[in-house]
Amino acid sequence: MRVLIIGSLSGPLGAAARMAVGRGVLLDQADDVEVALERLRGSVPVEAVLCDVSLDLGWLVDAMARERIAVPVIACGVNVSPERAALAIRHGAREFLPLPPDADLIAAILEAASGQTHRLVVRDPIMLDLLARADQVARADASILICGESGTGKEVLARHLHRKSRRASGAFVALNCAAIPENLLESEMFGHEKGAFSGAIARRIGRFEAADGGTLLLDEISEMDLRLQAKLLRVLQEREIDRLGGAAPVKVDVRILATSNRDLLAEVSRGTFREDLYFRLNVVSLRLPPLRERPGDIAALAEHFARRYAEANGVAYRAVSAACLARLRACPWRGNVRELENTIHRAVLLASGDEIGPDAIELLGGETQGAACFKPQNIGDLSGFVGRKMEDVERALIIETLHHTLGNRTHAATILGISIRALRNKLRDYTAQGEAVPPPAAGAVA
């Protein structure tokens, strides 16, 4: 992971930089936001930006948006008031990191903001068989399609494939096709030349060139529109890309991994996904089973997350009790590993005593005790909705679901039964209307 730090390294920010390096992070540094923007336009891909809150963070975020640079920005500062930290978030920062730094908090925030995920935690026989199949094909250069429900760990598996491949010394570059707006996605994929569009004041390489010699992950590829699918197909066939505004094609040597939480053959039948692209991507297919089909992983994952969030939040580690594990194993986990992670994160903060007991587990609908798992809420009495507009009810449901998922957009979209793109459009409208929208989640597993 490469991080660009903006600000002086002589004080607490320098201490944060040293802690990040100790966690294996590669660092670039710029003294001000103007120099930082030049670095972001360069050929070395950056996965996150850490910016001193005393600098003009708002200008940087606006400039990055104009130039279609989709890199998360994390604000940081010493003795910053809650109001000023909130202002940095409103100006476009993904997270706020208080200084002096804490090594575990730095690691958790950088991982969450950049979308980096953790090592595979595998115990169930079904997952062990899948991992053996993945290891068998990892060293090939063939494209691999990783399918599975939202939250099952598709990006985790993709990173494992890269580490096991002959390209492990090269870059691993991830592009979330669902998280980047359509008007930015083409530039993000293929890059652009100076003057290619309004705001393109310098050349910028795209993710394909950044991944040259390595691996490119096209995450949630089913969200890509048909026009871009046609361009992607040509790139996969010709192994060359055209920057926006470019005069000549650029050769690239990239191994492609793609993920989808949808049935792509069904999308082909609906006409929303190209059949020829599907077969080009699906040389090898790996299906990640949902958590309910791999119960043998639940205990190991619960302990993994309990340790991780105890460290990240500075609280004492508590083991997950046997009664708690029995309850966790009885759940259907519609949000899969991501939902389990959020549940254990809450439990770490709410637990008392020497262990995490079942009373610390909060599940969908606010249930905290009693039944073994989810109970549907009683919706027989709908009188509270009478007299309210449908759009107001929908807004309240979406916002409440986001609060439940700790701001995780992908998990919320899964629960609501809508695409991440539809959810993103609605949240953009709500924000424009002055609605307080929960910020994105920290520490989610992709």
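The values are calculated or read from the model by the stated rules, or taken from the named source; none is laboratory data. Predicted model only: the values in this text are computed from it and were never measured. Counting neighbours? That spans all protein chains shown, and the Cβs are built from the backbone with ideal geometry, glycine included.
Couple of notes before you dig in:
- Yes/no for residue 253 being more than 30 Å from residue 62 (Cα to Cα) and either at pLDDT below 90 or outside the structural domain of residue 65 (by TED's automatic domain parsing) (or both): yes
- Verdict on residue 223 being surrounded by 21 or more Cβ atoms within 10 Å (Cβ to Cβ) and within 21 Å of the chain's Cα centre (by Cα): yes
- Any hit, region 40-50, residues being surrounded by fewer than 21 Cβ atoms within 10 Å (Cβ to Cβ) and more than 27 Å from residue 215 (Cβ to Cβ): no
- Selected residue [surrounded by 15 or more Cβ atoms within 10 Å (Cβ to Cβ) and more than 30 Å from residue 141 (Cα to Cα)] from 338, 308, 280: 308
- The residues of region 420-446 that are in a loop (DSSP other than H, G, I, E, B), under 30 Å from residue 120 (Cβ atoms) and modelled with pLDDT of 75 or more, listed by number, are 438, 439.
- Meets criteria (touching a Pro at 6+ places or on another chain (Cβ under 6 Å) and either assigned to a helix (DSSP H, G or I) or modelled with pLDDT of 85 or more (or both)) for residue 345: no
- Of all residues in region 238-250, none are closer than 15 Å to residue 147 by Cα and in a loop (DSSP other than H, G, I, E, B).
- Counted residues, region 161-219 - those being assigned to a loop (DSSP other than H, G, I, E, B), of a type in the set (Ser, Thr, Tyr) and touching a residue at least 60 places away in the same chain (Cβ under 8 Å): 2
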